[in-house]
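Notes follow the structure.
Please treat every number below as a calculation from the coordinates, not as lab data. Bear in mind that the values here come from a model prediction, so they are computed numbers and not experimental data. Backbone-built Cβ (ideal geometry, glycine too); neighbour counts: all protein chains shown.
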Amino acid sequence: MFTPPGAREVRGDLRVPPLHHRTAIVLVHGGGGFRGDRGEEHAWQDVYAKAGYVTLSADYLIFDDNTPAPVYPQPESDVKAAVQYLRRHAGELGIDADGIVVHGFSAGARLGAQLLVGPDDPALAGPTRWPTPTDRIAGLIGFYGYYSGFQFQPAQYYGGRANSSDPEVQARWKAADSNARAASATGPVLLFHGTIDPMPATQSTQFADALRAAGDDVDVAIIQGANHGFDIENGKLTPEGLVSSRRVLNWLERHFPDRPS
């Protein structure tokens, strides 16, 4: 459990290789917000462990029809708590508290983008966030994410639709648009998206454009013929996933250089 005492319990799987980099990775699964769990990213934990990276694969609030609206910002707060957990334990884990990168998939990439553009933002601080330390992250790796505030069940997630006249609903929609908040990004970004993904690749390219316009460091990999979830099948990385993993590790080495120790 990585959330504060008395708060809703949220769990994660922590892996600490004997020899590891000081950069650490928070893995955030996908599932649209209404399914999925931390176990889906164990194949990526294997990749990172072999390369010498500490990882925390994090759960977050999964909602259903019975979950009271608004859901926002409870999942965002949960992922912030995961980052804060690593920061709080950085000394004993042998990692850099300022070197935590979020690697998110689909809905998890959306959540990671919220952390990237909303460090210590009260609008994203649900009851599972720790009072301290900062939840600022050092960078983002996003696989087939969506960054515009899009939700499959927007009225439930935000407490109302985008055209609501309720100012609190409007504030949630505004806070959830990572494209519009790109100027607040706290680190470099690497994005992946497939050309036949039903979640259009423009979700990634438009986020990249917004980041570049704000002067941020961003790389985008558009994978020809790749669908949503192209990187994992039956719990293992696909050939496309393995190629992408090498690009991820090269990006990390370039932006966060240190040797395992």
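Structure notes:
- For the chain, size of Cβ-based charge dipole, Lys and Arg +1, Asp and Glu -1, in debye: 280 debye
- Taking the empirical scaling 2.2 N^0.38 Å for compact globular proteins as reference, region 29-157 has a Cα radius of gyration ratio of 1.02.
- Length gained when the stretch ASN234-ASP46 is fully extended (0.36 nm per residue, less Cα-Cα span): 66.2 nm
- All lysines inside 28 Å of LYS50 as judged from Cα atoms, apart from same-chain residues fewer than 8 positions distant: LYS80, LYS236
- Per-residue HN-Hα couplings for region 165-178 [Karplus 6.51, -1.76, 1.60; θ = phi - 60°; Hz; x = Gly/Pro]: 8, 6, x, 5, 5, 4, 5, 5, 4, 5, 5, 7, 8, 5
- Centre separation in Å (Cα based) which lies between region 179-197 and region 53-71: 21 Å
- Distance between the modelled labels on ARG254 and ASP219, one decimal in nanometres: 0.3 nm (7 Å Cα→Cβ projection).
- Residues of region 122-152 with an amide N closer than 13 Å to a point placed 7 Å from the Cα of THR202 along the Cα-to-Cβ direction: 148.
- Remark: region 44-196 carries a charge dipole of roughly 240 debye about the Cα centre, counting +1 on each Lys and Arg Cβ and -1 on each Asp and Glu Cβ.
- A simple charge model with +1 on the Cβ of Lys and Arg, -1 on the Cβ of Asp and Glu and nothing else charged puts the dipole of region 177-230 at about 40 debye relative to its Cα centre.
- Helical runs assigned H by DSSP (4 residues or longer) give the chain a calculated mean residue ellipticity at 222 nm of -9500 deg cm²/dmol, each run adding -39500 (n - 2.57) before division by the residue total.
- Using θ = phi - 60° and Karplus 6.51 cos²θ - 1.76 cosθ + 1.60, couplings along region 40-54 (whole Hz; Gly, Pro as x): 5, 9, 5, 5, 6, 4, 4, 4, 5, 4, 5, 8, x, 10, 5
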